[in-house]
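*Asks:* Take a look at the following structure, please.
The values are calculated or read from the model by the stated rules, or taken from the named source; none is laboratory data. None of the values given here were measured: they were computed from a predicted structure. Note that we place each Cβ from the backbone using ideal geometry, even for glycine, and neighbour counts take in every protein chain shown. Only protein heavy atoms, including side chains, enter the accessible area calculation; ligands, DNA and RNA are left aside. Shrake-Rupley method; radii C 1.70, N 1.55, O 1.52, S 1.80 Å.
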Amino acid sequence: MSTSNKIQLKNVSYTYDQTPILQNLNLELAADTRYTLIGPSGAGKTTLLNLLAGLLEKTSGSITQADQPYLANKVGLVPQDYGLLPWQTVEKSVTAAVLIRQQQKHLTREQQLKLQHLFEALGLTALKSYYPHKLSGGQKQRVALARAFALPNDLLLLDEPFAALDALTREKLQHLFLTMWQKQPTTSLFITHDMTEAVLLGQQILVLTRTGQLKTILSNPFVESSQPDPARLAFIQQLKGALRDGP
């Protein structure tokens, strides 16, 4: 794991229409580490992701990467609504992401092989010619994951990507995400309201207060485990308590 590529937020605040959303946020994201982000509704979780994605500009504070100004130019984003364009097929959606990022007109042979393996791993090979209206929610989410992993990223941002899926599909995609991440480790920040999901996916769990401040960071001793172990269940209750207590 590289420690020189860490992302640091120092006293970062964001205000919208004179309303503070994030306040004096201090946070360090280590390279190749999975973080899950939890907090009450309105705590600023999506705002934080949008700042890191370069979609919003902070009101004050600083964001750096490897001690240089943070540019957000190698970021993969998986939004809640999948972000698929209705006129693009599955294949076009993923290949376009690669071509735009790399500023290329055509894929190299190496890139073609990588995407082929990616489609196979995500079960998308038979769906490459499909348009979004023909895809289920789980299939759309797999396309969104394919785009996220199609290129090496410094940071992968996921905004409750599995929240709208049924329990069985959600569980399958959670484990698929872990499998893909293990093949291509990337600093990842994953918003969720599901405490079980937070524990399954996050090596570190970040808790925001309802006033947009970082309350605590908990190291997760039960990461990648979904077994109903009493200690793991107690840890989930601790997370729920962290959300209930305080401002």
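*Asks:* Working only within the range 112-150, note down all residues that are more than 15 Å from Leu173 (Cα to Cα) and of a type outside the set (A, V, I, L, M, F, W, C).
*Replies:* Gln112, Lys114, Gln116, His117, Thr125, Lys128, Ser129, Tyr130, Tyr131, Pro132, His133, Lys134, listed by residue number.
*Asks:* Starting from residues that are over 21 Å from the mean Cα position of the chain (by Cα) and among the basic types (Lys, Arg), keep the ones in the range 94-110 and report whichever is least open to solvent (accessible area, probe 1.4 Å).
*Replies:* Arg109
*Asks:* Let me ask something additional. Within the range 115-210, considering only helices (runs of 4 or more DSSP H) that don't extend past its boundaries, which have at least 1 residues that are within 12 Å of Leu77 (Cα to Cα)?
*Replies:* Values: elements: 137-149, 167-183, 195-201.
Counting at least 1 such residues, we get 137-149.
*Asks:* If you don't mind, there's one more thing I want to ask. Quick check on the range 111-125: of everything there that is without any contact (Cβ under 8 Å) to a residue 40 or more places away in the chain and closer than 18 Å to Ser136 by Cβ, which residue is farthest from the chain's Cα centre (by Cα)? Quick ask: steps written out before the conclusion?
*Replies:* Within the range 111-125, the first condition is being without any contact (Cβ under 8 Å) to a residue 40 or more places away in the chain, and the residues that meet it are 111-120, 123-125.
Narrowing the set further to residues that are closer than 18 Å to Ser136 by Cβ leaves 119, 123-125.
On the way: Phe119: 20, Gly123: 21, Leu124: 21, Thr125: 24 Å.
Result: Thr125.
*Asks:* Does Ile7 satisfy the criteria of being under 20 Å from Trp181 (Cα atoms) and either aliphatic (A, V, I, L, M) or touching a Gly at 6+ places or on another chain (Cβ under 9 Å) (or both)?
*Replies:* Values: under 20 Å from Trp181 (Cα atoms): yes; either aliphatic (A, V, I, L, M) or touching a Gly at 6+ places or on another chain (Cβ under 9 Å) (or both): yes.
Yes, satisfied.
*Asks:* Filter the range 160-171 for residues that are under 24 Å from Gly44 (Cβ atoms) and surrounded by fewer than 21 Cβ atoms within 10 Å (Cβ to Cβ); which is modelled with the highest pLDDT? Explain how you work it out, then say what you get.
*Replies:* Taking the range 160-171 and keeping what is under 24 Å from Gly44 (Cβ atoms), we get 160-164.
Now narrow it down to the ones that are surrounded by fewer than 21 Cβ atoms within 10 Å (Cβ to Cβ): 160, 163-164.
Values: Glu160: 91, Ala163: 85, Ala164: 80.
By that ranking, first place goes to Glu160.
*Asks:* Taking only pairs six or more apart or across chains, which ones have beta-carbon atoms under 9 Å, a first residue in the range 14-36 that is within 16 Å of Leu208 (Cα to Cα), and a second residue that is open to solvent by less than 20 Å² (accessible area, probe 1.4 Å) and charged (D, E, K, R)?
*Replies:* Thr36/Glu197
Residue-wise test of (1) on the phi > 0 side of the Ramachandran plot; (2) among the hydrophobic types (A, V, I, L, M, F, W, C); (3) open to solvent by less than 10 Å² (accessible area, probe 1.4 Å).
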{"site": "Thr179", "(1), (2), (3)": "no, no, no"}
{"site": "Ser188", "(1), (2), (3)": "no, no, yes"}
{"site": "Gln203", "(1), (2), (3)": "no, no, no"}
{"site": "Gly212", "(1), (2), (3)": "yes, no, yes"}
{"site": "Asn220", "(1), (2), (3)": "no, no, no"}
{"site": "Pro230", "(1), (2), (3)": "no, no, no"}
{"site": "Ala234", "(1), (2), (3)": "no, yes, no"}
{"site": "Leu243", "(1), (2), (3)": "no, yes, no"}
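*Asks:* Tell me the residue from Leu77, Leu48, Leu52, Leu85 that is closer than 30 Å to Pro20 by Cα and open to solvent by 60 Å² or more (accessible area, probe 1.4 Å), please. Quick ask: steps written out before the conclusion?
*Replies:* Working: Leu48 fails: open to solvent by 60 Å² or more (accessible area, probe 1.4 Å); Leu52 fails: open to solvent by 60 Å² or more (accessible area, probe 1.4 Å); Leu85 fails: closer than 30 Å to Pro20 by Cα.
Just one listed residue meets the conditions, Leu77.
*Asks:* Shifting gears a bit: Kindly list the number of the only condition in (1) buried (at least 17 other Cβ atoms within 10 Å of the Cβ); (2) assigned to a helix (DSSP H, G or I) that fails for Ala72.
*Replies:* Condition (2) is where Ala72 drops out.
*Asks:* Ok, one more. Working only within the range 31-62, note down all residues that are under 15 Å from the mean Cα position of the chain (by Cα) and assigned to a strand (DSSP E or B).
*Replies:* Arg34, Tyr35, Thr36, Leu37, Ile38
*Asks:* Any idea which of (1) surrounded by 15 or more Cβ atoms within 10 Å (Cβ to Cβ); (2) assigned to a loop (DSSP other than H, G, I, E, B) is the one Glu91 doesn't satisfy?
*Replies:* Evaluating Glu91 over (1) surrounded by 15 or more Cβ atoms within 10 Å (Cβ to Cβ); (2) assigned to a loop (DSSP other than H, G, I, E, B) leaves (2) as the failure.
*Asks:* Which residue, of Gln174, Gln141, is touching a helix residue (DSSP H, G or I) at 6+ places or on another chain (Cβ under 7 Å), open to solvent by less than 10 Å² (accessible area, probe 1.4 Å) and of a type in the set (S, T, N, Q)? Talk me through it step by step, then tell me what you get.
*Replies:* Values: Gln174 fails: open to solvent by less than 10 Å² (accessible area, probe 1.4 Å).
Every option except Gln141 fails the conditions.
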